[in-house]
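Here's the structure, in structure tokens; my notes come after.
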Amino acid sequence: MNTIHHIAIICSDKEEALHFYHDLLGYPIIRENYRPERDDWKIDLQLNDTTELELFIMKDHPGRPSPEAYGLRHLAFRVPSVDEMVAELERKGIPCEPIRTDTFTGEKMTFFHDPDGLPIEIHE
């Protein structure tokens, strides 16, 4: 087990999720499937050659109690330049936290959030 196949995220609003992950972040749509038995959508996006991002659009699910709750804490993506990525995200209307330096690696990093509050980190 050395490669991630996919990352699954539960989202509350299909249009907001697609606007954020597809339109703003630029992940191409592989497929969109409505599941009538669950009354939800499963939308697969391409992150890279081997990894997909699965968006599950579900109604009336509980919010995240805290990013510090047990389970997935956040997603982190490597970028060539945190400064350039922050500038691009903010041009698209996505606010970012102040850039800081990772205490252990000395690399630049920061966070922003998806429409449902999921923390997303960018890291050099």
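The values are calculated or read from the model by the stated rules, or taken from the named source; none is laboratory data. None of these values were measured; they are calculated from a predicted model. Using ideal geometry, Cβ is built from the backbone for each residue, glycine included, and neighbour counts are taken over all protein chains shown.
Of the residues Ile99, Ile29, which single one is touching a Ser or Thr at 6+ places or on another chain (Cβ under 6 Å), surrounded by 10 or more Cβ atoms within 10 Å (Cβ to Cβ) and either at pLDDT 95 or above or among the hydroxyl-bearing types (Ser, Thr, Tyr) (or both)? If you could, list the steps in order and put the result at the bottom.
Working: Ile29 fails: touching a Ser or Thr at 6+ places or on another chain (Cβ under 6 Å).
It is Ile99.
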Could you give me the residue pairs with C-beta distances under 8 Å whose first residue belongs to region 8-19 and is without any contact (Cβ under 8 Å) to a residue 24 or more places away in the chain and more than 16 Å from Arg31 (Cβ to Cβ), whose second residue is loosely packed, with under 15 Cβ neighbours inside 10 Å and of a type in the set (Phe, Trp, Tyr) wherever it lies, and which are 6+ apart or on separate chains? none
Among the residues of region 113-124, which ones are in contact (Cβ under 8 Å) with a residue 40 or more places away in the chain, part of a strand (DSSP E or B) and within 11 Å of His74 (Cα to Cα)? Pro119, Ile120, Glu121, Ile122
What single numbered condition from (1) of a type in the set (A, V, I, L, M); (2) surrounded by 12 or more Cβ atoms within 10 Å (Cβ to Cβ); (3) more than 15 Å from the chain's Cα centre (by Cα) fails to hold for Leu45? (3)
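Within region 75-84, can you find the residues that are part of a loop (DSSP other than H, G, I, E, B) and out of contact with any helix residue (DSSP H, G or I) (no Cβ under 7 Å at 6 or more places or on another chain)? Even if it seems obvious, please write down each step before you answer.
First pass over region 75-84, keeping only residues part of a loop (DSSP other than H, G, I, E, B): 79-81.
Result: Pro80, Ser81.
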Selected residue (criterion: farthest from Ile120 (Cα to Cα)) from residues of region 57-74 that are in contact (Cβ under 8 Å) with a residue 40 or more places away in the chain and out of contact with any helix residue (DSSP H, G or I) (no Cβ under 9 Å at 6 or more places or on another chain): Lys59
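Within region 90-112, is there a residue that is assigned to a helix (DSSP H, G or I) and not assigned by TED's automatic domain parsing to the domain that holds Leu24? Show your work before the answer.
Within region 90-112, the subset assigned to a helix (DSSP H, G or I) is 90-91.
Among the residues that remain, those that are also not assigned by TED's automatic domain parsing to the domain that holds Leu24 are: 90-91.
So far as region 90-112 goes, yes, one or more of its residues are assigned to a helix (DSSP H, G or I) and not assigned by TED's automatic domain parsing to the domain that holds Leu24.
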Which numbered condition Arg78 misses (of (1) outside the structural domain of Ile120 (by TED's automatic domain parsing); (2) under 13 Å from the mean Cα position of the chain (by Cα)): (1)
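State yes or no: is Ile120 within 24 Å of His5 (Cβ to Cβ), touching a helix residue (DSSP H, G or I) at 6+ places or on another chain (Cβ under 9 Å) and either of a type in the set (D, E, K, R) or surrounded by 14 or more Cβ atoms within 10 Å (Cβ to Cβ) (or both)? Explain how you work it out, then say what you get.
Working: within 24 Å of His5 (Cβ to Cβ): yes; touching a helix residue (DSSP H, G or I) at 6+ places or on another chain (Cβ under 9 Å): no; either of a type in the set (D, E, K, R) or surrounded by 14 or more Cβ atoms within 10 Å (Cβ to Cβ) (or both): yes.
In short, no.
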